[in-house]
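See structure below.
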Amino acid sequence: MSNDTATVADGNRVIIFDTTLRDGEQCPGATMTLEEKLQVAEMLDEMGVDVIEAGFPIASNGDFESVNEVAKRVRNATVCGLARAGMKDIDRAGEAIKPARRGRIHTFISTSPVHMKYKLQKSPDEVYEAVIASVTRARNWTDDVEWSAEDATRTEHDFLCRCVEAAIKAGAGTINIPDTVGYTVPDEYFALYRMLLERVPGADKVIFSTHCHNDLGMAVANSLAGVRAGARQVECTVNGLGERAGNASLEEIVMALRTRADVMPYTTGIDATYLTRASKLVSAVTSFPVQYNKAIVGRNAFAHESGIHQDGMLKHTQTYEIMTPESVGVSKTSLVMGKHSGRNAFRDKLKQLGYQISDNQFEDAFARFKDLADRKKHVYDEDIEALVDEKLATAEDRMKVLSLLVVAGTMGPQVATLTLDIDGEHRTVQAQGNGPVDATFNAIKALVPHEATLELYQVHAVTEGTDAQAEVTVRLSDGATSYSGRAAHPDTLVSSAKAYLTALNKLMMKSDRLHASAAE
């Protein structure tokens, strides 16, 4: 599979431009650490994403660092940095993408009357000149320049044509026509692309791109309308993550094109069997749960409860499924493991779920699985994923839970007795709190004094039933950066303590790095 976008301008190959790390992260509360961004970037690269928009380098030193590190790490995809029309923005983006095997600068400016008047406070002529200057500056850094007309769907057609023509002449190879506020409808968006392709000189020499927001629930439909009209790049995010109501969903775009190739004869380079894994990873690192009935990757996407539906499925799966679970990386059967399962079966299950771990990690995971199987009547795929993910996330932790005893109930106070392994030393403390979780966290603070603020505490059951594992997500902030930790365990309080420690470990690792740098 080639990621050379220059070869697909005139064909039916659709470039998948993922902006989970940039537009997705702008979703309130979805901030990711550098380590988490690298995890997501590597997953996107492996699944076949053509362009990864890794961040907005001018926004902060952290954003610059993440784009720069993604550029170093990614092997196949083009790595893109976003920049406004200002020269400092463009130069910062150019510096950030320098290490990339293929780097792109994505520069934009608003073109709608309402944005130019109230946001930019610039005249149309000033915006036009900025288009030329920004694209020209970006071309000094890279041959791969994308230009976007922010709020294009509310821009006057004559002015939009003028700006697109200027961007093409200045050297932009990709022209993005975003529906920034989720305002358009499919027929209107289709007509907009047809108008541009017919009226703008040189339009046949560049790749047009869609970028749709979901404010009216039409982001995917609008994106597909753009493709039908001639766009050959779609900008999207995993799980539809993004500002306000989100962006067009990557998994929905990919599977719509794949499932309805009869009416949309276009292809992508995405390995669809990665879609579910990518969805779970992004959900975990952002602490944004995927709604159960989310298309393609929701828990209920391939579940059938209605008697009529079940009867049809037993007779023929295509009666109620238009794609197979396996095609998006979902195992056909999920309830196959139990306490009598052996190592070979467990190793095969891990392989089915997409895990490649060392022998030592496997032995540890197998021991934890057998322990879980003794506690639970049924072990689901989600249970196995949770216990493996939790162990991999905490493999380098300095602090680990050894034991936890909590006294709770109506006859307070609630008391937690906690023993931690801290750098190989066992320490125990007893603490009170306003509830069992508060007592547990107070015990951690007593053993590991810190000033971090708890920003998020979230619990959900990994599977159904009263014996389900509790998956807990904790987010701590040191005032400058947020750190997320997650853990799963049949005991909610144990899971809570482990998740808190995972986040705290990340925070302390950053502190250690800063002290080491200061000492050099």
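The residues in segment 111-126 that are closer than 24 Å to Y193 by Cα and assigned to a helix (DSSP H, G or I) can be counted, and the count is 6. Among the residues of segment 42-62, those that are under 21 Å from D91 (Cα atoms) and in a helix (DSSP H, G or I) comprise P57, I58, A59, N61, G62.
Out of everything in segment 266-292 that is among the polar types (S, T, N, Q) and in a helix (DSSP H, G or I), what residue ends up being nearest to V14 (Cα to Cα)?
The initial filter retains those residues of segment 266-292 that are among the polar types (S, T, N, Q), namely 267-268, 273, 276, 279, 283, 286-287, 291.
The next check asks that each one be in a helix (DSSP H, G or I); those that pass are 273, 276, 279, 283, 286.
Numbers: T273: 18, T276: 21, S279: 21, S283: 25, T286: 27 Å.
The extreme case among them is T273.
Got at least one residue in segment 56-73 being out of contact with any Pro (no Cβ under 8 Å at 6 or more places or on another chain) and under 29 Å from A229 (Cβ atoms)?
yes
Results for (1) under 19 Å from M399 (Cα atoms); (2) touching a Leu at 6+ places or on another chain (Cβ under 7 Å), shown as yes or no for each residue.
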| position | (1), (2) |
| --- | --- |
| V462 | no, no |
| G465 | no, no |
| T473 | yes, yes |
| R486 | yes, no |
| H489 | yes, no |
| V494 | yes, yes |
| A499 | yes, no |
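Among the residues of segment 441-486, those that are touching a Lys or Arg at 6+ places or on another chain (Cβ under 6 Å) and either buried (at least 19 other Cβ atoms within 10 Å of the Cβ) or in the same structural domain as E25 (by TED's automatic domain parsing) (or both) comprise T473, S482, Y483, S484.
Before we move on, is V164 over 28 Å from D215 (Cα atoms) and among the aliphatic types (A, V, I, L, M)? The answer is no for V164. Counted as qualifying within segment 301-398 are the helices (runs of 4 or more DSSP H) with 3 or more residues that are surrounded by fewer than 16 Cβ atoms within 10 Å (Cβ to Cβ) and modelled with pLDDT under 75, namely 307-315. In the set E65, E146, E165, E129, only one residue is in a helix (DSSP H, G or I) and within 29 Å of E46 (Cα to Cα); that residue is E65. Among the residues examined, N214 does not qualify as crowded, with 24+ Cβ neighbours inside 10 Å and in the same structural domain as I175 (by TED's automatic domain parsing). Considering only residues that are over 22 Å from A170 (Cα atoms) and exposed (fewer than 14 other Cβ atoms within 10 Å of the Cβ), which ones fall in segment 95-123? R101, V114, K117, Y118, K119, Q121 - these are the residues of segment 95-123 that are over 22 Å from A170 (Cα atoms) and exposed (fewer than 14 other Cβ atoms within 10 Å of the Cβ). Exactly one residue among A295, A231, A245 is surrounded by 16 or more Cβ atoms within 10 Å (Cβ to Cβ), modelled with pLDDT of 90 or more and part of a loop (DSSP other than H, G, I, E, B), and that residue is A231.
Against the condition part of a loop (DSSP other than H, G, I, E, B) and over 16 Å from the mean Cα position of the chain (by Cα), how does V263 come out, does it pass?
Yes; evaluated as a whole, the condition is true for this residue.
Look at (1) under 25 Å from Y189 (Cβ atoms); (2) of a type in the set (F, W, Y); (3) buried (at least 20 other Cβ atoms within 10 Å of the Cβ) and you find that W141 fails only one, number (1). A Cβ distance below 7 Å, combined with a sequence gap of six or more or placement on separate chains, defines the contacts here; from segment 22-47, residues that are closer than 21 Å to D478 by Cα reach residues that are assigned to a helix (DSSP H, G or I) and modelled with pLDDT under 85 in the pairs T33/K506. So which residues in segment 63-80 are surrounded by 17 or more Cβ atoms within 10 Å (Cβ to Cβ) and either over 28 Å from A272 (Cβ atoms) or not assigned by TED's automatic domain parsing to the domain that holds E95 (or both), if there are any at all? Once the filter is applied, which keeps residues that are surrounded by 17 or more Cβ atoms within 10 Å (Cβ to Cβ) and either over 28 Å from A272 (Cβ atoms) or not assigned by TED's automatic domain parsing to the domain that holds E95 (or both), segment 63-80 yields D63, F64, N68.
The values are calculated or read from the model by the stated rules, or taken from the named source; none is laboratory data. Quantities reported herein were computed from a predicted structural model and do not represent experimental measurements. Ideal geometry is used to build each Cβ from the backbone, glycine not excepted, and the neighbour counts take in all protein chains shown.
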